[in-house]
Amino acid sequence: MEKAFKLDFVNDKTGSLYVNCCGCSQTAPLHSFGPASKPHYLIHYVLSGKGHFRFHDKEYRLEAGYGFLIQPNELAFYQADAKDPWSYLWVGFAGSRAEEYLHSMGLSDRHPIFSCDKSEELYSIVRDMMEHNTFGIADDLRRNGLLGVFLSVIADSAGVVAREEEDKGNQYVKKAVSFIQSNYCNPIKVTDVADYVCINRSYLYTLFQNYLGMSPQQFLTTFRITKARELLDSTNYPIESIALSCGYSDALVFTKAFHAMKGMSPSKYRKESHKESTKEQLQEVEGLIARLLKP
C-alpha cells in the first residue's frame, strides 16, 4: 500500500510553465509504478528511504537527497526498497518552455538523475502548492509561481549525476551568449558575463575558444558592432546615441572599436551603402548562435 496525498489540476492549459499535479507519498516495501507513462514532465524527489528507477534500459539506485525526471509519454518504472522503502514528493508540469528550462538545468532523458540537499525547502514548496488547491486564478498563479521556485531550488543546488563535462561547458557558453544578447546595450564587461554564469574569466575564455573559435571579448564586440551597423543603416540616430544603444558610454571608444573591426569610422560607413553586407554579417552572427543553441 502507498499512503499518498496528491492533487491533479486541469490539464488543458497553455503557457510557458504550469503545474499539472503534485503530491507526496510514503510507500510500502516494494511498492512500484509502471512501466507506464505520463503526458507531462514529472520530477520525483526522495525524502527518505531507498528505491530504484528504471528508464531507457538503465537502472538507478536512489536514496534520500536524490531525484529523477520522467519525460512526457515515455515508459518509466520505479520501485521502493524491500527493507527501507522510500518516501518522496513529486511535481508534474508542462509548458512551452519546460524542456528549455530542464535542459538548462542539465536534466534530460540522457541525464534524468540529480542530487539536491534542500529537502526541507522542496517539501515546503510542494506543501504550499497543495494548500492552494482551488481552481481560482489566485491559487493558479501561486502554484505556477511556486513551480518556478521549485525548479530554481533544484537548479541552484543540484548536481546532475553522470553529466558529461562537455555538456557543462556547452551550457556555460549558451548562458553567456544569452546574457550578451540581452545585455549588449548595457556597459557590461567580460567579467560581468563570467559572474553571471558563475565561472572565472579564464575558464570562460577557454570555453569560448573551444566552442565558438573566439574570445568572449571578441564575441561581445562583434555582436555590438553588428547591432551598430544595423542602426547605422536603418536609422538617422546620432553616432553618440548609437554608441549608447550598443553598450558604449563613450562615443570615441565606440568609434575606435568600429574602425578596428570595419576599417572605417561609423560616419564614413553610414555615407556608403552597406546594407547587404550588414545583413550578411547579421546572418553570420545569428548562424553562429543557432549552431551553439542546437540541441
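Here, each number is a calculation from the coordinates, and none is a lab measurement. Here the structure is a predicted model, which is why all the values come from computation and not from measurement. Cβ coordinates were reconstructed from backbone atoms using ideal geometry, including for glycine residues, and neighbour counts include every protein chain displayed.
Structural remarks
- Dimensions of the range 2-160 based on its C-alpha atoms, expressed as ranges along the principal axes with the largest first, amount to 43, 30, 29 Å.
- Among Cys116, Cys246, sorting on how many other beta-carbon atoms sit within 10 Å of each Cβ, with the fewest leading, yields Cys116, Cys246.
- Packing-based exposure ordering (other Cβ within 10 Å, fewest first) of Thr226, Thr191, Thr27: Thr191, Thr226, Thr27
- Put simply, the Cα atoms of the range 66-154 extend 41, 31, 25 Å along their principal axes, the longest span coming first.
- As a length-normalised measure over Cα pairs under 8 Å and 6 or more apart, the relative contact order of the range 2-160 settles at 27 percent.
- Counting other Cβ atoms within 10 Å as a rough exposure proxy, the listed residues Tyr203, Tyr60, Tyr66, Tyr172 run Tyr203, Tyr60, Tyr172, Tyr66 from fewest neighbours to most.
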